[in-house]
Amino acid sequence: MSTAKPAEKFSQAQTAWLRFVDKVERGELQDPSGQYVAKGTKAADATGSRITRPKFNAGTAAFAEHYRLNKNGEVVAVPVLGEGGVASKEYVPCDCGDLPPAPTTTFISSQGLAPYSGADNPNGYIWDLKIGHGSAQGDHDGIPSSYTVLYSDLNKGAGGPFIYIGFTRVPSTASENPEAINAQPYAVGPVVGIGYVTKCCYTSDYTNIRYPYFPIWKDTGVRLGFREYDLNEGVGGTYIHATLTKNPGFGVPIEVGVLSSNSANAQPPAGWAKASLDLNEGAGGDFIYFCIKSH
Amino acid sequence: MILSTSVSKATKQLMMANYLNFGLLAFIGSSMMVWPCDGQGVPNNATYPLATSRTGSNALQPFRFYAGIHAAAQQFRVASPTYYTQEVVIRPLYVFVGYQFGPHLGVQVGFLQHNPPSASYSNTSFNQAGQLIEGHGYQDWYNGAVPILLRYRLARRPTHRLHLDALLGVTVEFNHYLGDDMVTVGGQVQYHVHVDSRPTNTYLTAGLGAEYDVTPHVGLMVEGTANRNTTALDADYARKPTFGLGAGLRYRFNIGRSTEQRQL
């Protein structure tokens, strides 16, 4: 009994947190700290200088100051005296309770999804990845319909559009990426690594920084017209462009996953490795990480 | 004829320096001195540029100084003793100020720079042994250039509103590259390189421009230039010419009283 109760309580707390984030995203609640905002909220997109939003890590004192569980077990964002979402230390009295919400993590991966064992890819490796986005949940403009989408929003909690990553294991349905059209080496094959480039809009200044990685493109349907898509599109923070490599000299085939949490310390299941960069870096919302697992 | 002499000297200097290709480019640019001039309305004793008014009247204005701004992109190959030769493009603006010695010849100093935001990367993969490979790094660039150029109007008498200019001089390029790359395998650092390179390269610069004088003060310009690195004589790649283009405005003016006013 003594071990079951905390587990049950913890599960309720997680559910309460997820419900809180969902309500903020739908505009039914507001987060005075400014970390979580309604879906579609756009940050000013001034070139070279974007808005950054605060971020509090579950399990820390700062998080506990801003988020509490009330007596009904619901998450309450603590009102603060301050403007523009900038928290001061003077909190407005509220029925907020004393306990902070628990660290809450969701994880979704490609493992076991859309298996394939055709002669052109008998081991069913992931053959390509794409980034897609949309204004409504589930929209994934940029990911071909033949791809499988991991429905974990890469802008979770930060406003802006919904952004997803999709994959295919079927070589014949993989998009013909610009690097393949340009006959660059290792442009076609199983994905063996995933990465990021963080930069502003001057893509031509750092053409070599991502070598030997290529962009994870948004498929526009236009030959040689694929786009690199900012994973913080519309939400401010750091410019993040996802990359992948198919060069077998840099790794073995992988599966991919997406980890979302209110804690930067969240870990994926055993066997998975969490990439280092928060995909919502500087943009508020959840801590979101790509994860990989060797095939 | 002054032009022929100066070009000849310049060409000889180039040949002496064994910059045959570049000298040829300068010669070709300078040899295009075929712009027709009739000298209409120009006093024979004019000593510096005279521009006619839009109506073609004798409202002649001598100007000693000028300043300009171009939308421009200049390419350079930057050699460094501590890093690879880099090909950089400095954009988008080029500003310059100049002094006019006489009707044909002026000297100008310019400045252009490019300072993009830094970029970083992070990669994650597994090796055959199942160890996690992580790569991290960043790059930060700064490039600035100071061209010091002679500007020679390719016309016997500089009265036409549309004319060509030859450019010849040196450009000093200041580069700062800050980079860091680190690869860990299974948490152990396998590779780590940190570069902080601050080379200064000097280039021989030649070019050709066209200008249309909208008013006596203001001219619309387009220019093309070529740069050849004189610093890295042992690096073939760095020595290959690079090019630049610009288009913009030039404004001519005097500081204090004009010569005419002083004569009065």
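No lab work stands behind these numbers, since they all come straight from the coordinates. All values derive from a computational prediction rather than experimental measurement. Reconstructed Cβ throughout: ideal geometry from the backbone, glycine too, with neighbour counts over all protein chains shown.
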Given the Cα atoms of region B:82-241, and with Rh set as the inverse mean 1/r over their pairs in the Kirkwood sense, what is Rg to Rh to two decimals?
-> 1.19
Taking the Cα centre of chain A as the origin, how large is its charge dipole in debye, to the nearest 20, when only Lys and Arg (+1) and Asp and Glu (-1) carry charge on their Cβ atoms?
-> 340 debye
HN-Hα J in Hz across region B:207-223 - Karplus 6.51, -1.76, 1.60, θ = phi - 60°, x for Gly and Pro | x, 9, x, 10, 9, 10, 7, 6, 9, x, 8, 10, x, 9, 10, 10, 9
Percent relative contact order of chain A, based on C-alpha pairs within less than 8 angstrom and at least six residues apart?
-> 21 percent
Over chain A: helical MRE at 222 nm, DSSP H runs n ≥ 4 each giving -39500 (n - 2.57), nearest 500 | -3500 deg cm²/dmol
Computed ³J(HN,Hα) along region A:219-233: with the Karplus parameters 6.51/-1.76/1.60, θ = phi - 60°, integer Hz and x for glycine or proline, the list is 7, 8, x, 10, 4, 6, x, 5, 10, 7, 10, 6, 6, 10, 4
Hey, fewest Cβ within 10 Å first, where do B:His217, B:His70, B:His136 land in order?
-> B:His217, B:His136, B:His70
Taking Cα atoms only, helix A:4-25 is inclined relative to the longest principal axis of chain A by an angle, in degrees rounded to 10, of 80 degrees
From the Cα centre of region A:228-266 to that of region B:136-212, the distance in Å is 34 Å
Given H placed on each backbone N at 1.01 Å, which residues far from B:Thr159 in sequence or on other chains put an amide H within less than 5 Å of it?
-> B:Gly39
Pairwise label distance in nanometres, A:Asp139 with A:Asn182, each label 7 Å out on the Cα-Cβ vector | 3.0 nm
HN-Hα couplings for region B:79-96 via Karplus (6.51, -1.76, 1.60; θ = phi - 60°), in whole Hz with x for Gly/Pro, come out as 8, 9, x, 10, 8, 5, 5, 10, 9, 10, 10, 9, 7, x, 10, 9, 10, 8
What residues qualify as long-range amide H neighbours of B:Asn227, i.e. H under 5 Å apart, gap of 5 or more or another chain, H built at 1.01 Å from N?
-> B:Thr242, B:Phe243
In nm, give the distance between the simple-model label positions of A:Arg26 and B:Gln113, each being 7 Å from the Cα along the Cα-to-Cβ direction.
-> 5.2 nm
Name the residues whose placed amide hydrogens come within less than 5 Å of the amide hydrogen of A:Thr105, ignoring near sequence neighbours (fewer than 5 apart) on the same chain.
-> none
Provide B:Met221, B:Met182 in ascending order of the number of other Cβ atoms located within 10 Å of each residue's Cβ, fewest first.
-> B:Met182, B:Met221
